[in-house]
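See structure below.
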Amino acid sequence: PQGARIGGTLRSLSTEGLQSLRDRVDAVVHATALAHRCNASIAWSADAYPPTMNDPELWRWATEVAAPASTENAVRVIDPTMGGEDFAFYAQEIPSVFLALGQGSKAFSPEPGLEFDTTVTVHNGRFVLHEDLLRRGVALHAHLALSYLDRAAEA
């Protein structure tokens with residue numbers, strides 16, 4: 001063929017890791033092109049998603065404040081994910097914390113005889129919102145905001 005075009009997404013758990021991946025892709029693409037006596041060019045998207053990173057100090061504070069809103073009276077730490085998140089752009093600019101409100105068990109029955117799996121993620125076609133948790137999520141966010149304002153007033 002006269003040419004080829006390849007597209008994709010790079011993901012990493014750190015900004016440094018993302019830059020390292022880009023550097024490595026550049027090196028491999030150009031070395032492969034040279035080995036086959038071809039030309040290659042790479043165009044990186046200007047708005048590539050950075051990793052979503054919690055501010056460590058704000059995270060410690062938020063987990064203490066958020067724990068009482070949990071049915072377990074604790075914040076459960078989940079493994080990092082490679083998902084692209086718009087929130088990451090905010091977190092690059094100001095100290096931020098990304099919290100996920102869990103939906104609970106596999107069985108959610110809004111009415112007798114009707115059962116939904118609430119463990120699938122929001123970008124899945126089978127996602128079902130456990131609406132009973134909306135009240136808890138609103139309370140969590142209001143509690144975090146008011147606690148933050150109290151903390152700022154004391155400082």
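The values are calculated or read from the model by the stated rules, or taken from the named source; none is laboratory data. Here the structure is a predicted model, which is why all the values come from computation and not from measurement. Backbone-built Cβ (ideal geometry, glycine too); neighbour counts: all protein chains shown. Please note that ligands, DNA and RNA were not included when accessible areas were found on the heavy atoms of the full protein model with its side chains. Shrake-Rupley method; radii C 1.70, N 1.55, O 1.52, S 1.80 Å.
Tabulated results
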{"item": "Qualifying positions in the stretch 13-31 - closer than 12 Å to residue 51 by Cβ and free of Cβ contacts under 8 Å to residues at least 60 places away in the same chain", "result": "14, 15, 16, 17, 18, 19, 21"}
{"item": "Number of positions in the stretch 1-16 that are under 18 Å from the mean Cα position of the chain (by Cα), open to solvent by less than 100 Å² (accessible area, probe 1.4 Å) and farther than 17 Å from residue 45 by Cβ", "result": "2"}
{"item": "Verdict on residue 96 being open to solvent by less than 70 Å² (accessible area, probe 1.4 Å) and either of a type in the set (Phe, Trp, Tyr) or under 30 Å from residue 21 (Cα atoms) (or both)", "result": "yes"}
{"item": "Any hit, the stretch 141-155, residues being part of a helix (DSSP H, G or I), farther than 19 Å from residue 74 by Cα, open to solvent by less than 90 Å² (accessible area, probe 1.4 Å) and modelled with pLDDT of 90 or more", "result": "yes"}
{"item": "Filter result for residue 88 (over 19 Å from residue 15 (Cα atoms) and either in a loop (DSSP other than H, G, I, E, B) or within 17 Å of the chain's Cα centre (by Cα) (or both))", "result": "no"}
{"item": "Filter result for the condition that a residue is in a loop (DSSP other than H, G, I, E, B), closer than 29 Å to residue 152 by Cβ and open to solvent by 100 Å² or more (accessible area, probe 1.4 Å), over 73, 39, 54", "result": "73"}
